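A.B. asks: So that we are looking at the same thing, I have put the structure below in structure tokens.
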């Protein structure tokens with residue numbers, strides 16, 4: 001019986017160690033790869049949308065005369081490119097993602113070529129710049145965005161899969177069984193030798209019970225951290241990303257309307273999606289601290305400013321005053337939009353930091369548990385052997 | 001070494017009027033544990049960069065005792081003073097960028113700064129802190145060209161005028177590398193907001209050649225106003241705030257933003273890492289981002305306010321304040337704004353430091 005109990009404890013320790021090790025690996029994978037891919041894909045979408053809005057503003061101002069917007073366009077495309085490179089590094093050997101990335105790279109080249117051609121056409125005052133800009137936007141919306149979204153969806157599926165692992169439950173069950181075996185051994189020994197307590201066996205039981213409690217707490221912390229990362233930070237990231245997409249669409253519609261010289265359609269729908277109980281309010285509700293709420297409040301204030309300025313531009317278009325509309329669009333509305341955009345981006349970075357911190361917490365909560373489970377089980381096995389040896393010695 | 005005076009010549013009586021009806025500045029919510037608080041806000045600022053009459057009001061508003069010191073005389077010597085013994089320091093943008101990069105400053109506790117929404121968007125798009133999570137601009141200015149038309153005999157409209165043969169030996173230059181090199185870069189058609197080392201070196205070489213050729217009368221800081229006033233130079237690189245003040249005495253002196261553009265700089269509030277009262281620092285920042293208080297200070301310092309709403313506040317005050325609101329140097333229009341460039345920093349800080357060191361050779365030994 002002594003040998004069986006000792007072997008059982010060693011087996012429980014080894015299997016629990018293996019299971020915990022697997023959990024640690026999965027958690028690290030989530031923290032360092034899948035989570036980062038999710039964030040990076042959001043940044044790719046946001047950066048391309050920003051580049052698109054800036055490109056139209058550059059064109060509106062007449063070739064390169066709006067160098068600030070030109071700079072913002074270049075910085076946005078640089079950010080998109082570096083985010084794509086990061087995604088390529090992080091997706092590992094996922095072939096689907098790599099194929100999508102190749103398609104994105106090809107479409108990006110087309111997109112950048114069209115923007116540059118439109119810019120040169122503007123400089124040379126050649127016709128067709130407007131059409132090329134529209135075509136570039138179309139490449140962005142119909143080719144780049146869907147592929148980026150696919151990569152994000154696959155990463156999200158991996159994220160859900162990796163964060164819903166139930167190996168921790170198996171490890172807990174094994175530890176419960178080990179405690180049960182020890183209590184059973186204690187009971188049997190007390191019956192055979194008519195001694196109430198065998199101190200080493202009690203010590204082994206205490207070690208395993210402590211292990212059980214610590215493991216339960218460690219796994220609970222990990223699961224809670226995953227849950228927080230998902231329900232707080234990542235949901236907030238997704239809402240911010242939706243806000244950006246809607247806002248860029250709003251901006252693109254407005255600037256295109258100025259290009260066309262007629263008031264834009266669809267602005268009210270986009271404003272409705274954002275305002276009231278829409279996405280902006282959802283972002284505020286998703287905030288989990290006073291600091292995040294302050295950031296969300298600033299986003300709302302800056303959106304309101306932009307919409308007010310943009311309305312002045314659209315009103316001017318309605319009156320047929322295209323020159324005034326152009327001036328406002330390039331000036332006050334543009335500035336207000338930049339303020340809104342950078343504020344959303346800063347909020348996104350805050351959420352990203354929170355998301356990665358929470359995933360790191362999940363990973364950290366298991367790091368120490370691995371060794372503890374193995375070491376604790378071996379210690380308990382030694383105690384058991386000692387306890388049985390004591391009784392056997394007395395018996396002889 | 002630079003900008004020893006940023007004070008307006010205007011009386012601050014109108015500023016006092018602007019203080020009436022100040023709204024509350026305290027943000028809601030509970031401070032996270034990481035935000036320090038001590039009841040004492042220690043502020044290190046440039047000389048004459050705050051209307052002293054505002055201090056009691058601010059102190060009452062934020063509820064902390066304020067220790068306000070104007071010891072920051074330049075961005076080089078100032079670095080020796082920087083540290084957690086201060087809750088707020090106001091370095092120039094390029095130095096703030098370095099501090100952020102090396103972790104010497106802490107993230108702003110936004111929960112105490114609801115007026116953060118009033119930062120002019122132009123200050124939010126800097127690559128080194130997009131969205132201004134680590135800094136809040138204090139005052140901003142333009143480095144352009146000031147000249148005496150009686151001495152130049154013509155209008156100056158371009159950066160190339162600083163290098164024009166007819167002004168040889170009659171041009172003063174400001175001894176700030178990023179502003180001088182940035183202006184020269186603009187003259188070359190380059191963008192100082194995203195400078196490359198090659199472009200900066202070309203501009204530097206151009207300045208060096210002109211300097212060796214005797215093009216420049218002297219390298220100065222705000223003393224350029226004295227040189228212009230006394231006719232020792234015909235033209236100078238110039239800071240907008242000092243130029244506006246000079247024009248009160250010499251309305252004939254012109255300040256221009258060259259056709260190619262001008263350099264916009266700003267001094268910005270940061271909270272040093274380890275500061276003992278980050279909460280108080282945040283409340284101070286919030287108070288100065290109230291447009292009424294910012295307007296009062298703008299009347300006094302006469303630099304560009306980074307706070308949205310200041311122009312309207314000044315107009316509402318009427319009189320001299322309203323006249324300031326119409327000053328295009330303090331409130332540039334959209335067309336002018338598009339010609340202003342904030343130095344973006346070289347990719348290599350080592351290369352930028354090297355350029356800085358070589359540039360220092362132009363300056364007179366102290």
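A.B. asks: What FRET efficiency, computed as 1/(1 + (r/R0)^6) with R0 = 56 Å and r the Cβ-Cβ distance, is obtained for residue A:22 and residue B:248, rounded to the nearest 0.05?
C.D. replies: In this case the efficiency is close to 0.15.
A.B. asks: Distance in nm between label sites at residue B:158 and residue B:213, each 7 Å beyond Cα in the beta-carbon direction?
C.D. replies: Each label point lies 7 Å from its Cα, and together they span 1.4 nm.
A.B. asks: Let me ask something else about it. Which semi-axes, in whole Å and largest first, does the equivalent ellipsoid of segment B:39-174 have when worked out from the alpha carbon gyration tensor as the square roots of 5 times its eigenvalues?
C.D. replies: Rounded to whole Å, the semi-axes are 36, 18, 16.
A.B. asks: Distance in nm between label sites at residue A:192 and residue A:164, each 7 Å beyond Cα in the beta-carbon direction?
C.D. replies: About 4.7 nm separates the two model spin labels.
A.B. asks: Round to a whole angstrom and tell me the spacing of the C-alpha centers of segment A:51-124 and segment B:147-185.
C.D. replies: 38
A.B. asks: Based on the alpha carbon coordinates of chain A, what radius of gyration and maximum Cα-Cα distance (Dmax) apply, in Å?
C.D. replies: Cα-based Rg and Dmax for chain A come out at 30.3, 110 Å.
A.B. asks: If the convex hull of the alpha-carbon atoms of segment B:212-366 is projected onto planes in all directions, what is the mean projected area in square nanometres?
C.D. replies: Mean projected area of the Cα convex hull: 12.9 nm².
A.B. asks: Is segment A:235-277 best put as rounded, prolate or oblate by its Cα gyration tensor, with a ≥ b ≥ c the root eigenvalues, rounded for a/c under 1.5, and otherwise prolate when a/b is larger than b/c, oblate when not?
C.D. replies: In terms of gyration-tensor shape, oblate.
A.B. asks: Counting DSSP beta bridges in the protein assembly as shown, what percent are antiparallel, to the nearest 5?
C.D. replies: About 55 percent, rounded to the nearest 5.
A.B. asks: Any idea what log10 I(q)/I(0) is at q = 0.10 Å⁻¹ for the protein assembly as shown, Debye with uniform C-alpha scatterers and no solvent?
C.D. replies: Result of the Debye calculation: -1.06.
A.B. asks: Follow-up question, since we're still on this one. What does the helix-only formula give at 222 nm for the protein assembly as shown: each DSSP H stretch with n ≥ 4 adding -39500 (n - 2.57), the total divided by the residues, and the result rounded to the nearest 500 deg cm²/dmol?
C.D. replies: Taken over the protein assembly as shown, the calculation gives -20000 deg cm²/dmol.
A.B. asks: Let me ask you something else. When averaged across all projection directions, what area in nm² does the alpha-carbon convex hull of segment B:112-204 cover?
C.D. replies: Computing the convex hull of the Cα atoms and averaging its projections yields 8.1 nm².
A.B. asks: Taking the beta-carbon count within 10 Å as an exposure proxy, list A:179, A:213, B:310 from fewest neighbours to most.
C.D. replies: In increasing order of surrounding Cβ atoms, one gets A:213, A:179, B:310.
A.B. asks: What FRET efficiency, computed as 1/(1 + (r/R0)^6) with R0 = 60 Å and r the Cβ-Cβ distance, is obtained for residue B:76 and residue A:389, rounded to the nearest 0.05?
C.D. replies: Efficiency computed from Cβ-Cβ geometry: 0.20.
A.B. asks: Once fully extended, how much extra length lies between residue B:358 and residue B:40, figured as 0.36 nm per residue of separation less the alpha-carbon to alpha-carbon distance?
C.D. replies: 110.4 nm
A.B. asks: Compute the FRET efficiency between residue A:74 and residue A:130 as 1/(1 + (r/R0)^6), taking r as their Cβ-Cβ distance and R0 = 25 Å, and round to the nearest 0.05.
C.D. replies: 0.75
A.B. asks: Please report the orientation-averaged projected area of segment A:173-246, defined via the convex hull of its C-alpha atoms, in nm².
C.D. replies: Answer in nm², one decimal: 5.8.
A.B. asks: Between residue A:214 and residue A:82, what is 0.36 nm times their sequence separation minus the Cα-Cα distance? Round to one decimal in nm.
C.D. replies: Going from the current span to full extension adds 43.4 nm.
A.B. asks: How fast does segment B:135-261 diffuse by Stokes-Einstein, in µm²/s, taking the Kirkwood radius from C-alpha pairs at 20 °C and 1.002 mPa s?
C.D. replies: Answer from the Stokes-Einstein relation: 146 µm²/s.
A.B. asks: Next up: Modelled label-to-label distance, residue A:231 and residue A:1, 7 Å Cα→beta-carbon offset: nm?
C.D. replies: Each label point is offset 7 Å from its Cα along the Cβ direction, giving 4.7 nm.
A.B. asks: Could you list B:117, B:229 in order of exposure, starting from the residue whose Cβ has the fewest other Cβ atoms within 10 Å?
C.D. replies: So the residues, fewest neighbours to most, are B:229, B:117.
A.B. asks: Let me ask something else. Subtracting the Cα-Cα distance from 0.36 nm times the residue separation, let me have the gained length for residue A:224 to residue A:308 in nm, one decimal.
C.D. replies: Residue separation times 0.36 nm, minus the Cα-Cα distance, leaves 26.0 nm.
A.B. asks: Let me ask something else. For segment A:341-366 and segment B:285-362, what is the separation of their C-alpha centers, rounded to whole Å?
C.D. replies: First find each Cα centre; the distance between them is then 33 Å.
Every number here is computed from the coordinates shown, using simple stated rules; none is lab data. Keep in mind the model is a prediction, meaning the values are calculated, not measured. Neighbour counts are summed over all protein chains in view; Cβ atoms, including those assigned to glycine, are modelled from backbone coordinates with ideal geometry.
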